[in-house]
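**Q** First, the structure itself, so that you have it in front of you.
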Amino acid sequence: MSHVQGDTALGRILRVNLVVQNHTGIFERRAYAMRNRRAQPRAQVFVIVCNSAVGYFGHTMKTIRTGIGFDAHRLRKGRSLVLGGVEFKHTHGLEGHSDADVLCHAIMDALLGAVADGDIGVHFKNTDPRWKGVSSIALMKTVRRRLKAKGARIINVDSTLMAEQPRIMPRAQEMRSNIATALGISIDSISIKATTMERMGAVGRQEGMAAMAVATVKI
Ligand SMILES: [Zn+2]
């Protein structure tokens, strides 16, 4: 490669690159290189390889996108309390058309938001009898399929549940496992946190629970 060293060779590479960059296809670039006697063959091979690499990586380059989700449900006596697909023993459960799993709902909205695909209210209408009492973990599998159809790969999910009672964190591992399985990703990519509202506001008075989530995808 001794003859492709120095400013002259570099200048030649850049010139050839500029001329050929409007051509499409490696064969056209190769034909041009063959015609151009002034350019060194190795320099032209270098240009062809570089252009092909730029074209290849430009084609397959992925974008990172994030989505945000928030949800809240009222608590009602006698309803079963399901959070992250885990049933908790509690005097009250969340009210809703489905199982009212507020944590799963926030996570699904974050995932749909990351690919700008509406929200769960659009895809699972609360007037549709198909979704009455349905497990939100099952709905999450549908969301996973929607993302896959768009070519999105889930990188991670972070979430926070806001509830005064019961204690959430002892069962966080089960919840993470349910969600990771539904989404087909590693449990290490699912984060669940919980906080009380220090007895402030509707959540603090135990009128309901709320959850927020952020999801990152590669598309
Ligand atoms: Zn909800």
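No value in this document is a laboratory result; all are computed from the given coordinates. What you are looking at is a predicted structure, and each value in this text was computed from that prediction instead of being measured. Glycine also receives a Cβ, built like all others from the backbone with ideal geometry; neighbour counts cover every protein chain displayed.
**Q** If Lys and Arg each add +1 and Asp and Glu each add -1, what is the summed charge of the other residues whose beta carbon sits under 9 Å from the beta carbon of Arg153? It would help to have the intermediate numbers written out before the result.
**A** On the way: positive: Lys62, Lys148, Lys218; negative: none.
Its environment carries a net charge of +3.
**Q** Along the charge dipole of region 55-177, Cβ charges K/R +1 and D/E -1, which of Val102, His90, Val115 sits furthest on the positive end?
**A** Farthest towards the positive pole: Val115.
**Q** Related question: Listed highest first by mean packing, meaning other Cβ atoms within 10 Å per residue, what order do 154-162, 122-130, 74-82 come in? Could you put the intermediate results ahead of the total?
**A** Working: 154-162: 20.0, 122-130: 11.2, 74-82: 16.1.
Put in order of decreasing packing, that is 154-162, 74-82, 122-130.
**Q** Using only Cα atoms, locate the centre of region 60-88 and the centre of region 191-219, then give the distance between them in Å, rounded to an integer.
**A** 9 Å
**Q** If you take every residue apart from His90 with its C-beta less than 12 Å away from the C-beta of His90, what net charge results, scoring Lys and Arg +1 and Asp and Glu -1?
**A** Values: positive: Arg76, Lys77, Arg79, Lys89, Arg167, Arg171; negative: Glu87, Glu164.
That works out to +4.
**Q** Just check region 111-175 against the gyration tensor rule for me: Cα atoms, a ≥ b ≥ c as the square roots of the eigenvalues, rounded for a/c under 1.5, and otherwise prolate or oblate depending on whether a/b exceeds b/c.
**A** Numbers: a/c = 2.13, a/b = 1.29, b/c = 1.65.
Because a/c hits 1.5 or more and a/b fails to exceed b/c, region 111-175 counts as oblate.
**Q** Let me ask something additional. Can you work out ³J(HN,Hα) from phi for every residue in region 138-151, in order, using Karplus 6.51 cos²θ - 1.76 cosθ + 1.60 and θ = phi - 60°, giving whole Hz and x for Gly and Pro?
**A** After applying 6.51 cos²θ - 1.76 cosθ + 1.60, I find 5, 5, 5, 5, 5, 4, 4, 5, 5, 5, 4, 4, 8, x Hz.
**Q** Please list 207-214, 145-152 highest first by mean number of surrounding beta-carbon atoms within 10 Å per residue. Before the final figure, lay out each step's value.
**A** On the way: 207-214: 21.8, 145-152: 14.5.
Ranking the peptides 207-214, 145-152 by packing returns 207-214, 145-152.
**Q** Under a Cβ-Cβ cut-off of 11 Å, what is the net charge of the residues other than Ser136 that fall near it, where Lys and Arg count +1 and Asp and Glu count -1?
**A** Values: positive: Lys141; negative: Asp71, Asp99, Asp101.
With Lys, Arg at +1 and Asp, Glu at -1, the net is -2.
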